[in-house]
Amino acid sequence: MIGKRSQGFTLIEVLVAIAIFASLSVAAYQVANQVQRSNELSQERSTRLQEIQRGFVYLDSDFRQMALRQFRHEGEAPFNRLILWQQNLLESEGKGLLFTRLGWLNPQNQFPRGEVAKIGYRLKQGKLERVWWRYPDTAVGEPPVVLPIFSGVENFDMRFYSGEAWLEEWRADLSLPLAVEIKLTFEDYGEISRIYLTTAGTISTSSQASDREREYDQEGQDGSREPVEGNQGGAVEESDG
């Protein structure tokens, strides 16, 4: 009696099947890994974009409400310059910025502060930090509130518009420029700039106001102009900007 041959897969067939299965597994893993990586990158970009948008909300609020006001810092006398833009100001790694802003609402004086705050910006360890005080005139050693608003910042720069040209420095005393330009260079998004119009104008000192009052009175006595009452203290001349 001739025995029947046992039926099964040969070694070559098994090896071919294993190779096909391994190839399909590798392809499926690569697809799944690519989808997961794409999702992570999308979340990172979304988080980063939200951070930048949130940071510019602070910039928009601060620079659009720059105050035409002198301020004191570290117990010093009031600065004649309403915008300080100096190297290493506020311990910045580059140039630091300091000014005052309006619009910090205090309904019915519920909080022990005014409605004018002192705001600063500085660059430290690749982060743009917002540094602010609850009062525009601060004593020596009064600590600020520090809030990092941007990370991955390579450079922080500014320009000032005088009405005739853009300037790298603002050296006019007791006045604000018509506009300011903020330039931020990010590691991932490159350079982003914003231009903000300010309230502009110039602060008149008490002596200047008194001289103007005497001029008006003299003109009134000469009959060339009716005398007018001058403002007491520091008068503010708003520009058309």
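The values are calculated or read from the model by the stated rules, or taken from the named source; none is laboratory data. Predicted model only: the values in this text are computed from it and were never measured. Every residue, glycine among them, receives a Cβ derived from its backbone with ideal geometry; neighbour counts consider all protein chains shown. In case anyone asks, the SASA skips ligands and DNA or RNA and just uses the protein heavy atoms, side chains included. Shrake-Rupley method; radii C 1.70, N 1.55, O 1.52, S 1.80 Å.
Please specify each residue of region 175-200 satisfying the condition of being in a loop (DSSP other than H, G, I, E, B) and surrounded by fewer than 19 Cβ atoms within 10 Å (Cβ to Cβ). Within region 175-200, Leu178, Glu187, Asp188, Tyr189, Thr199 qualify. Scanning region 131-152 for residues that are surrounded by 15 or more Cβ atoms within 10 Å (Cβ to Cβ) and of a type in the set (D, E, K, R) yields Arg134, Asp137. Go through the residues of region 104-124 one by one and say whether even a single one is surrounded by fewer than 16 Cβ atoms within 10 Å (Cβ to Cβ) and in contact (Cβ under 8 Å) with a residue 24 or more places away in the chain. No: zero hits.
Considering each residue of region 133-146, count those that are assigned to a strand (DSSP E or B) and without any contact (Cβ under 8 Å) to a residue 40 or more places away in the chain, and give that number. Total satisfying the criteria: 3. Could we say that Leu128 is in contact with a Ser or Thr (Cβ under 6 Å, 6 or more places away or on another chain) and surrounded by 15 or more Cβ atoms within 10 Å (Cβ to Cβ) here? Considered against the rule, which asks whether it is in contact with a Ser or Thr (Cβ under 6 Å, 6 or more places away or on another chain) and surrounded by 15 or more Cβ atoms within 10 Å (Cβ to Cβ), Leu128 comes out as no.
I'd like to check something: does region 61-83 contain any residue that is part of a helix (DSSP H, G or I) and open to solvent by 50 Å² or more (accessible area, probe 1.4 Å)? Scanning region 61-83, I find no residue that is part of a helix (DSSP H, G or I) and open to solvent by 50 Å² or more (accessible area, probe 1.4 Å), so the answer is no.
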